[in-house]
1. Could you please tell me which pairs satisfy a Cβ distance under 8 Å, a separation of 6+ or placement on different chains, a first residue in the range 396-409 that is not assigned by TED's automatic domain parsing to the domain that holds residue 268, and a second residue that is assigned to a loop (DSSP other than H, G, I, E, B) and small (Gly, Ala, Ser)?
2. Among the residues of the range 33-56, is any under 22 Å from residue 187 (Cβ atoms) and of a type in the set (Gly, Ala, Ser)?
3. Identify, from the list 363, 367, 315, the residue that is among the basic types (Lys, Arg), more than 21 Å from residue 231 (Cα to Cα), part of a helix (DSSP H, G or I) and touching a Phe, Trp or Tyr at 6+ places or on another chain (Cβ under 8 Å).
4. Could you check the range 53-81 and list, in sequence order, the residues that are aliphatic (A, V, I, L, M) and either modelled with pLDDT under 90 or closer than 26 Å to residue 161 by Cβ (or both)?
5. Of the numbered conditions (1) in contact with a helix residue (DSSP H, G or I) (Cβ under 7 Å, 6 or more places away or on another chain); (2) modelled with pLDDT of 90 or more, residue 306 satisfies every one except a single condition; which is it?
6. Specify the residue that is farthest from the chain's Cα centre (by Cα); the eligible residues are those in the range 89-138 that are within 29 Å of residue 212 (Cβ to Cβ) and of a type in the set (D, E, K, R).
7. Would you mind finding the one in 78, 71, 98 that is surrounded by 13 or more Cβ atoms within 10 Å (Cβ to Cβ) and either charged (D, E, K, R) or more than 28 Å from residue 147 (Cβ to Cβ) (or both)?
8. Just need a number here: residues in the range 132-164 that are without any contact (Cβ under 8 Å) to a residue 12 or more places away in the chain and assigned to a helix (DSSP H, G or I).
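The values are calculated or read from the model by the stated rules, or taken from the named source; none is laboratory data. Keep in mind that what you see is a predicted model, and the values were worked out from it rather than measured. Cβ atoms come from the backbone with ideal geometry, glycine included; neighbour counts cover every protein chain shown.
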Amino acid sequence: MGQAKRTTKIYFNFAERNQGGANTGKREYLYLTKNILNEARAFYIDFFLAHSSKLEEKVTYYSEKHKKFKERKLTSNELLTWAESLTVSTEDHPTPLEGWNFSEKFPGMPVVYRRSVIKDAIGKARSHLSNYRNWEESGKKKGKPGLPGSNNHPTLYKGTIKLELEKFDRQDNFVSILVYNGRGWEWVNYPVKFSPWQEKRLTKFSWENKSPRLILREKTAELHVTQEKSVEARKVEESKKNPNLITIGIDLNVKNLAVITVRKNGVIIKTVFVTDGGLDYHRYLHMKLVSKHQWLSGKPVKGESSNKLLWGHVRRMNDYYAHMVSRRIVEVCLEIRRIYPGAEIVILFERLRKIKPKGSKSRILNRKQANQLKGKIIKFTRYKAYYLGIVTVEVNPYGTSRYCSRCGHKGERFSLVKGERVKMRGGKLFYCPHCKYLVNADFNASVNTHHSFYGEFHWQPKKKAA
């Protein structure tokens, strides 16, 4: 049993007033709200760092699970109550701690907003102290953790937003938000864009909607609604014991973005090639242009963006292809489930971490983007497959491209150049001199991910010395 998460976006309508968009005053209130919440968060970060011993304080409690007394740190709710008693002026605590009067610096701030920034500050302060302690223990001089930042996207909890999805009619849709107008706090209605697709996602009973986050950009604003649902998925070690387990091996490359092989009972029953459609060459031309611009402009000035439009285009291309490939992988899973109803499926990727590109600057930039694309494919596939209760595993990549998937012996990669076999690293074909197996190199690597998962051939776990 686990939790699957996804995010649905609701866009604010910032069009012209005669087109139904929000006026400039209302837009400004959103940015004022974010700024004052950042200031309040900075106040409490400084407060907790000044009283860091409280974050480390431990209390004794009785554990019902272990049937004995144990120690634990103060919970965030306990720290919140303590912080409010020292910083907020109330009937029970009319005089806050000297120099830490939150009520004086932020008069009239709603309780929900105040408590949300306190919770954020607790997390940031604890994270900083933990990182700083680890740095001190390491004995390194470099890499000293800096102070935590206060900027964050505001989370709109119940009491700060009115979002009634059942009343949305796709024509005139509004959301009410409690915002800061520079003088005080008031409820303001904002027009939003709401499509049938968003309605379908947000009103599904199987998904639980969490508090939305307010994302403010230079010219746009969005509400990001996180959704969760419970998913039944067994642990990988338990799944391995199933003799009818179906594994889907993925080999990620540059030209062939993904080679998908499906194995059942030791036999490959399906293969799918997903090509890049010219993405690699198209991206290389952009990287060549970026490299040229950087050479002409010289060393970039700190704080200035270089080739912003080009980088944005490349980033969007990578996102598009990552979503396309991950969707194709999930579609293969659904096809297998239709053929074998109730079958247990596990998706396999190679655990690729350190890939150092070589060559010219434009080639290095292009290969780095290709490596980032592989990471995005794995990330997107993982969460999309988990919706269906399918687990994703990263296996040992050692030798998947160099060993024969049929007999397990070491082979060689080559390409055909003018009809002649030329042995080269990254060749398109694979040949095994032991069993005379000739096959596409990417297909061979994809099949080897299954062997690596099951510990077959040279991937067998080594026996520990007695």
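1. Here the result reads 402/411; 403/411; 404/411, each pair linking the range 396-409 to a residue that is assigned to a loop (DSSP other than H, G, I, E, B) and small (Gly, Ala, Ser).
2. Taking the range 33-56 and keeping what is under 22 Å from residue 187 (Cβ atoms), we get 33-40.
Now narrow it down to the ones that are of a type in the set (Gly, Ala, Ser): 40.
Looking for residues that are under 22 Å from residue 187 (Cβ atoms) and of a type in the set (Gly, Ala, Ser), one finds at least one in the range 33-56, hence yes.
3. On the way: 367 fails: touching a Phe, Trp or Tyr at 6+ places or on another chain (Cβ under 8 Å); 315 fails: touching a Phe, Trp or Tyr at 6+ places or on another chain (Cβ under 8 Å).
Only one candidate qualifies: 363.
4. Start the filter on the range 53-81 by keeping residues that are aliphatic (A, V, I, L, M), which leaves 55, 59, 74, 79-80.
Answer for the range 53-81, where residues must be aliphatic (A, V, I, L, M) and either modelled with pLDDT under 90 or closer than 26 Å to residue 161 by Cβ (or both): 59, 79, 80.
5. Only one criterion in (1) in contact with a helix residue (DSSP H, G or I) (Cβ under 7 Å, 6 or more places away or on another chain); (2) modelled with pLDDT of 90 or more is unmet by residue 306, namely (2).
6. Applying the filter and picking the extreme gives 105.
7. On the way: 71 fails: surrounded by 13 or more Cβ atoms within 10 Å (Cβ to Cβ); 98 fails: surrounded by 13 or more Cβ atoms within 10 Å (Cβ to Cβ).
The unique qualifying residue is 78.
8. Summing the residues that are without any contact (Cβ under 8 Å) to a residue 12 or more places away in the chain and assigned to a helix (DSSP H, G or I) in the range 132-164 gives 6.
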